[in-house]
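Worksheet: one structure, shown below.
The values are calculated or read from the model by the stated rules, or taken from the named source; none is laboratory data. Here the structure is a predicted model, which is why all the values come from computation and not from measurement. Because the Cβ atoms are built from the backbone with ideal geometry, glycine has one as well, and the counts that use them run over all protein chains shown.
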Amino acid sequence: MRHVLVMTLTGSLGLIFMFLVDVATLFWVSKLEQERLMAALGFAWTIQFFTISVGIGLIIATTAQVSRSIGQGNLELARKQTTSAMIYAVGIQIVLATFVVFYRFEILSMAGASGETLRDAAHFLTISIPSLPVFVIGMVGSAVLRSVGDAVGAMIVTLAAGLIAMVVDPLLIFGFDLGLEGAAWGVAISRGSSALLSAWLVIHVHKMTTRVSLAEVARMFKPYVLIASPAIMTQLSTPFGNYLLTKVIANHGDAAVAGWAVISRVAVLAFGGIFSLSGAIGGIIGQNFGAAQMDRVRQTFRDALLFCLVYTLGAWALLAIFHNPIARLFNLGPEATQVLGAFTLIGAGGYVFTGALFVSNAAFNNLGRPLNSTACNWFRDGLLIYPCAAALGAAWGAPGVIYGQALAAAISGTLAVLWSWSFVNRLARSIPVSPAKA
């Protein structure tokens, strides 16, 4: 439990601080007193969620490979995997960023954006999306830092970037009178600073990179892709579900989307520990699996679920208590406040089950069954979310969309944790006891 707490809380502090930047951006934009601009941010973040989720899939693959090599005592292979992962990640994000920039209007229109809101969201993406290839360097670097046990270093990467952004954002938005455009430039600057610090820690402090030939990069690509592809597909399910939710809630107008934008940022801020849980415990599971310490794998699984329950209940209570101050902080109107209340008072409880799903993902991804994670996530986001959100939205309006999200999480999270726990126990029975334990 101590290891789970240290890795998860340090990871969550960095993640929370990174998303605190988004919350601060939304706060400064809200001071422009135009719900249209907040709605534009909501649409833009929905699209960015897809691109960042691809990056998360890439760091899952990096963590699984590097942590297992370290657990097996093969440090040279871990260095080559780190270098190759950086090359793969940057190349993939260049292709993805190019696609999004060229088709931004069409993608946003499909999400429900229109008129000036569509144009504002598209302009935000034009500036912020090209920074993704740089940003992924910081993401992969953080994964490597967690794999070598430097949880503090991984946290510092996002903390430093966040501090820069929190200074730059108000300066650009108000000092230079750039408005929403200034917010987009703030995102790009913070991502660049994250990449620089991460690369310095990985390369110069931990010496986790080495020269690799083109032949080695090509040879390691297949095993990397075998993990990364299903991991990316797994991660893409969440933004896909979020995309569907945005599309459903857009039917209730810009005010509802503005409330949804606040929920999206507040959720990742409040539940940063849950969002970082899968990546944080992935290294623990991977190392112990590599060392054939399956009793520790099972203990990590149980402790992660307990952490998830306690953390979520505490965060949910705080959201309920501070519901009205949050609404006032972002200058939300009556309709947007009602949507926010649906989340802070009821919908936030669904993150107990979302956390259980993330724990299951970590187990499957790092124990050689990444397709199981893909199936669990797409069951929630591809099959459950839309009918749940549409049905409850028809019954209770925009708040019903939030209730539908929580219902889908409860069903999918319960089934996923039962499946993954059964898999861990079967795997433990099939692996001989480690000589270190004997």
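Laid out as a table, the results:
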{"quantity": "Any pair with Cβ under 6 angstrom, 6 or more apart, that starts in the range 240-264 at a residue that is at pLDDT below 90 and of a type in the set (A, V, I, L, M, F, W, C) and ends at one that is in a helix (DSSP H, G or I) and surrounded by 24 or more Cβ atoms within 10 Å (Cβ to Cβ)", "calculated": "none"}
{"quantity": "Cross-chain or 6+ apart pairs with Cβ under 9 Å, the range 267-282 first and more than 20 Å from S373 (Cα to Cα) and outside any helix (DSSP H, G or I), then of a type in the set (S, T, N, Q) and modelled with pLDDT of 75 or more", "calculated": "F271/T312; F271/T354"}
{"quantity": "A161 buried (at least 21 other Cβ atoms within 10 Å of the Cβ) and under 21 Å from the mean Cα position of the chain (by Cα)", "calculated": "yes"}
{"quantity": "All positions within the range 146-200 that are part of a helix (DSSP H, G or I), under 18 Å from A40 (Cβ atoms) and touching a residue at least 40 places away in the same chain (Cβ under 8 Å)", "calculated": "D169, I173, F174, L180, E181, A183, A184, W185, G186, V187, A188"}
{"quantity": "The range 191-215, residues that are under 15 Å from V66 (Cβ atoms) and not basic (K, R)", "calculated": "S198, L201, V202, I203, H206, M208, T209, T210, V212"}
{"quantity": "Of the criteria (1) surrounded by fewer than 21 Cβ atoms within 10 Å (Cβ to Cβ); (2) more than 30 Å from S360 (Cα to Cα), which one F221 fails", "calculated": "(2)"}
{"quantity": "Members of the range 158-182 that are of a type in the set (G, A, S) and under 24 Å from S142 (Cα atoms)", "calculated": "A160, A161, G162, A165"}
{"quantity": "From the options V134, V148, residue that is of a type in the set (V, I, T) and at pLDDT below 90", "calculated": "V148"}
{"quantity": "Qualifying residue in the range 105-113 (condition: more than 17 Å from the chain's Cα centre (by Cα) and without any contact (Cβ under 8 Å) to a residue 12 or more places away in the chain)", "calculated": "yes"}
{"quantity": "Which listed residue is surrounded by fewer than 23 Cβ atoms within 10 Å (Cβ to Cβ), of a type in the set (G, A, S), touching a residue at least 40 places away in the same chain (Cβ under 8 Å) and in contact with a helix residue (DSSP H, G or I) (Cβ under 9 Å, 6 or more places away or on another chain), from A363, A356, A375, A390", "calculated": "A390"}
{"quantity": "Boolean, Q81 is surrounded by 23 or more Cβ atoms within 10 Å (Cβ to Cβ), in a helix (DSSP H, G or I), out of contact with any Gly (no Cβ under 7 Å at 6 or more places or on another chain) and not hydroxyl-bearing (S, T, Y)", "calculated": "yes"}
{"quantity": "Among residues of the range 285-314, those that are β-branched (V, I, T) and either outside any helix (DSSP H, G or I) or over 21 Å from P370 (Cβ atoms) (or both), counted", "calculated": "2"}
